[in-house]
1. Which ones in region 93-131 are closer than 20 Å to GLU61 by Cα, without any contact (Cβ under 8 Å) to a residue 24 or more places away in the chain and touching a strand residue (DSSP E or B) at 6+ places or on another chain (Cβ under 9 Å)?
2. Looking at the structure I just gave you, is GLY57 of a type outside the set (S, T, N, Q), surrounded by 14 or more Cβ atoms within 10 Å (Cβ to Cβ) and not in a loop (DSSP other than H, G, I, E, B)?
3. Could you check how many residues of region 96-122 are in contact with a Lys or Arg (Cβ under 8 Å, 6 or more places away or on another chain) and not hydrophobic (A, V, I, L, M, F, W, C)?
4. Please state which of the following conditions SER89 fails to meet, knowing it meets all the rest: (1) without any contact (Cβ under 8 Å) to a residue 12 or more places away in the chain; (2) part of a strand (DSSP E or B); (3) among the polar types (S, T, N, Q).
5. Report yes if some residue within region 92-105 is acidic (Asp, Glu) and either touching a Ser or Thr at 6+ places or on another chain (Cβ under 9 Å) or closer than 22 Å to ASN37 by Cβ (or both); otherwise report no.
6. Restricting attention to region 52-89, which residues are of a type in the set (S, T, N, Q) and either under 17 Å from the mean Cα position of the chain (by Cα) or under 20 Å from LYS142 (Cα atoms) (or both)?
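Derivation of every value follows stated rules applied to the coordinates shown; laboratory data play no part. Model, not experiment: these values are computed from the prediction. Reconstructed Cβ throughout: ideal geometry from the backbone, glycine too, with neighbour counts over all protein chains shown.
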Amino acid sequence: MTKQYTKNQSIGIPENAVGIKEYKDAVKAKKGRNKYNAKKTNINGYIYDSQLEASYGIELEHRLALGEIKSYERQIRLDLVINGKKWRSYKIDFKVHHFDSPPEYVEVKGFPTRDWKMKFDVLKIIRDDILEKGATITVQYKNKRQTF
């Protein structure tokens with residue numbers, strides 16, 4: 001026979017601590033967690049979704065200071081349109097503007113998820129319709145980089 005859990009037990013509140021304050025504190029603590037255990041990171045007043053994304057943002061700042069790139073933007077929203085209808089929105093982490101070539105769209109990933117792969121595959125298929133001519137798409141993993 002399986003044990004039945006109360007609502008309070010399912011979010012980590014001891015059974016004897018059922019006060020409103022304890023319940024609200026436990027709900028806040030649970031909501032603060034990212035389902036992929038990514039830790040939001042504040043660098044120079046900008047909050048990145050993960051430490052890996054923040055480290056890539058720092059790299060871009062260094063490249064900008066050295067004059068290797070013209071500029072960059074964060075969290076670019078792309079509408080994935082299929083047959084004239086918006087299917088989904090896709091937020092890509094960075095858009096890097098180079099001096100003498102088309103922009104580079106960079107997605108920073110700790111690991112690929114099923115939902116991300118599906119959206120990314122659609123982006124690769126319709127890229128000529130929504131991105132600048134010649135733009136590249138790069139996926140930056142922790143130890144590997146792929147360009148499409």
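1. LYS95
2. On the way: of a type outside the set (S, T, N, Q): yes; surrounded by 14 or more Cβ atoms within 10 Å (Cβ to Cβ): yes; not in a loop (DSSP other than H, G, I, E, B): yes.
Yes; evaluated as a whole, the condition is true for this residue.
3. Final tally of qualifying residues: 8.
4. Looking at each condition in turn, SER89 falls short on (1).
5. Residues of region 92-105 acidic (Asp, Glu): 93, 100, 104.
Next cut, either touching a Ser or Thr at 6+ places or on another chain (Cβ under 9 Å) or closer than 22 Å to ASN37 by Cβ (or both) only: 93, 104.
Yes, region 92-105 has at least one match.
6. Of the residues in region 52-89, the ones of a type in the set (S, T, N, Q) are 55, 71, 75, 83, 89.
Across region 52-89, the qualifying residues are SER55, GLN75, SER89.
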